1. For the subset of the range A:127-153 comprising residues that are under 30 Å from A:VAL93 (Cα atoms) and not aliphatic (A, V, I, L, M), which member is surrounded by the most Cβ atoms within 10 Å (Cβ to Cβ)?
2. Between residues in the range B:250-271 that are without any contact (Cβ under 8 Å) to a residue 60 or more places away in the chain and outside any loop (DSSP other than H, G, I, E, B) and residues that are surrounded by 14 or more Cβ atoms within 10 Å (Cβ to Cβ) and of a type in the set (S, T, N, Q), which pairs lie under 6 Å by C-beta distance while being six or more apart or on different chains?
3. Is it the case that some residue within the range B:310-320 is of a type in the set (D, E, K, R), in a loop (DSSP other than H, G, I, E, B) and modelled with pLDDT of 95 or more?
4. Give the number of residues within the range B:57-90 that are assigned to a helix (DSSP H, G or I), more than 16 Å from the chain's Cα centre (by Cα) and within 14 Å of chain A (Cβ to nearest Cβ).
5. Among the candidates A:GLU58, A:GLU28, A:GLU42, single out the residue that is among the acidic types (Asp, Glu) and under 22 Å from B:PRO354 (Cβ atoms).
6. Is it the case that B:LEU230 is within 21 Å of the chain's Cα centre (by Cα), closer than 27 Å to B:PRO351 by Cα and in a helix (DSSP H, G or I)?
7. Looking at (1) touching a residue at least 60 places away in the same chain (Cβ under 8 Å); (2) surrounded by fewer than 17 Cβ atoms within 10 Å (Cβ to Cβ), which is the only condition B:GLN315 fails?
8. Out of curiosity, is A:LEU62 within 14 Å of chain B (Cβ to nearest Cβ), within 15 Å of A:GLY12 (Cβ to Cβ) and of a type outside the set (Ser, Thr, Tyr)?
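The values are calculated or read from the model by the stated rules, or taken from the named source; none is laboratory data. Note that the structure is a prediction, hence the values are computed from the model and not measured. Quick reminder, even Gly has a Cβ in these numbers, built from the backbone with ideal geometry, and neighbours come from all protein chains shown.
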Amino acid sequence: MAPRLLQNFNGGRAHIVTANRCAVEALENTLGKLGVSAVYPELRDGRADIDLGALQAERDILFVDGDLDNPVALDTDAASRHPPVPVIGLVGVEAPSRLKHLINLGASAFLRKPVQGGAVYTALFLGINQFLLRGDLRARLDDMNRRRRGRRAVVKAIIARMTEAGSDDDEAYDWLRRESMRSRQTLEDYCEMFLTIRAAPLDKPTHLPLRETGAGRR
Amino acid sequence: MFSTTGPYSVVARSMLNGALLAVAEAAAPHVSAPNVSVEPVIVDPAGDLGAYAGLARDLLQSGVRHVVGCYTSSSRKEVIPFFEKHDALLWYPSHYEGFESSNNVIYTGASPNQHVLPLVEHMLERVGASAFCVGSNYIWAWENTRIFREAMMAQDGRVLAERYVPVGDTEIDQVVEAILDARPDFVFNTLIGTSAYAFFRAFRAACNGRGIDQPKQIPVVSCSLSEPELEEIGEGAVDGHLSSSVYFSSLDTPANRAFTELYRKTFPQGPSTSADAEASYVAMKLLILSLAEAGTDDVEVVKQAVTRQHLLAPQGEVRIDPQTLHAYLTPRIGLSNKQSRFDLLFEAPGPVRPDPYLVQSAPRYAVASRNPALRVVK
């Protein structure tokens, strides 16, 4: 299920990274109407003075001027281009190199300079909700990858269970699934543990300990 | 710029009257703005959305810098780009659904926190928790119904269904049948003009036919219903409807008595005063006062001047919020009577700050559908 849409930005804080305050006057005014405060990080040797580690995805929004040369060293995931906080690009020069820089930062919406007040709500709505959607998709992709990696253990565990219990593959799978739920583990994690314990010396007990607590299934 | 002909002409004619009344007052010898001479240019887009853009462009190209006008949100959105391009000012005198704040518009009508939210509170407290929504198929109804739905659901209310009909359409029987099948506690109406009048008549008749006391058992509530429209609905279906508004002509204040009396004398053929007529009167008054203070029609100077005005309007004190350029107004709820007027049921203690984006009241996240995310599986 897609994440819920964020529609009220009250209490947000915008960090506007630009050297051209005149071009973003309407941005600050409109953000004020939307309950979002604005700060202008100082540019020192071309770098914005922002404590990136202190940024919070629930509160902070970065507006980055694409005409500046790499002003923010954001820890953006290269594969998914998912930044730690929503990034909205401020577009001046419409050249591929400038736009590519903003895309690599993970910008999920854009505003042309000089900013028109009427475009700000749409940019915030799009930028923040695309950020949330990308985060959700990345989490789902991570989960799918984890399950893909555990596929081999599941196949081996089914075969082992069929041999051990004399059952067919459906029954073996159902049993493993039931036992994984009982031990509050994912199927893949349970199968890995099942195989590890079976691989232990034969004179040791092979029953599976039930876990009291643990991460639930996603 | 008012559509004094076409599907919503009744309200628009009362709006034009309101604006012209303020012009007439400014021309009187005792007024507070003696250095301002206003010569109105009147245009009628006739409710045709396509006509608004051309008329706005022509007006602004002819040198007009201030336009009082528009009733529907779709027409306002149609003309705003021209006002932004020519750096002119639109004085928009009608309640609307919010989520807009152009720097080239002064909004003197009610924002959603001044009309739909007080109505939701009232209905949930006094009437019931299930609503059926019916509206005209355009931005006002879509967006106002969304705000209504989210406010209802946030407080455990329910919206049973939503139905939309084209602006001007009077084939309303299917909607009436659907409401009677659903049997909500009340109907939330965002129909405008002739569609609304046809609906009120058809719904009352259908209820009478089934022995249902419509005003008591399935009341209809609106954020747009005004006195001239009650007169259009006509005898037999006019009473018992709730309206959330910042102005009713029945308000018993000296300023309103003077306003309604002057209006009646000036426009004996009607239509009656309405919230939108008052908002148009307020818009023109504020424009004239701001022009007088500014000493010029320059848009930036007039915009600065309007935020310094405190107007004792027929509804009470009105002033413009410098941040949003929307008006501080006083929310009220009225119940229509057989004389096509409203009896006051609720009144806020004073003017309420406009919140066009509902940043102070809307939930942070859009309200999810009530369709359960979990279901029983074998």
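1. Step one: list which residues in the range A:127-153 are under 30 Å from A:VAL93 (Cα atoms), which gives A:127-135.
Checking the rest, the ones that are also not aliphatic (A, V, I, L, M) come to A:127, A:129-131, A:134-135.
Values: A:GLY127: 22, A:ASN129: 20, A:GLN130: 16, A:PHE131: 25, A:ARG134: 19, A:GLY135: 18.
Going through the qualifying residues, I end up with A:PHE131.
2. B:THR260/B:SER249; B:THR260/B:THR273
3. Within the range B:310-320, not a single residue is of a type in the set (D, E, K, R), in a loop (DSSP other than H, G, I, E, B) and modelled with pLDDT of 95 or more.
4. At the first step, the residues of the range B:57-90 found to be assigned to a helix (DSSP H, G or I) are B:57-61, B:73-86.
Subset that is more than 16 Å from the chain's Cα centre (by Cα): B:57-61, B:78-86.
Narrowing the set further to residues that are within 14 Å of chain A (Cβ to nearest Cβ) leaves B:78-85.
Qualifying residue count, the range B:57-90: 8.
5. On the way: A:GLU58 fails: under 22 Å from B:PRO354 (Cβ atoms); A:GLU42 fails: under 22 Å from B:PRO354 (Cβ atoms).
Only one candidate qualifies: A:GLU28.
6. On the way: within 21 Å of the chain's Cα centre (by Cα): yes; closer than 27 Å to B:PRO351 by Cα: yes; in a helix (DSSP H, G or I): yes.
Criteria met by B:LEU230.
7. Of (1) touching a residue at least 60 places away in the same chain (Cβ under 8 Å); (2) surrounded by fewer than 17 Cβ atoms within 10 Å (Cβ to Cβ), only one is false for B:GLN315: (2).
8. Details: within 14 Å of chain B (Cβ to nearest Cβ): no; within 15 Å of A:GLY12 (Cβ to Cβ): yes; of a type outside the set (Ser, Thr, Tyr): yes.
So A:LEU62 does not fit the description; no.
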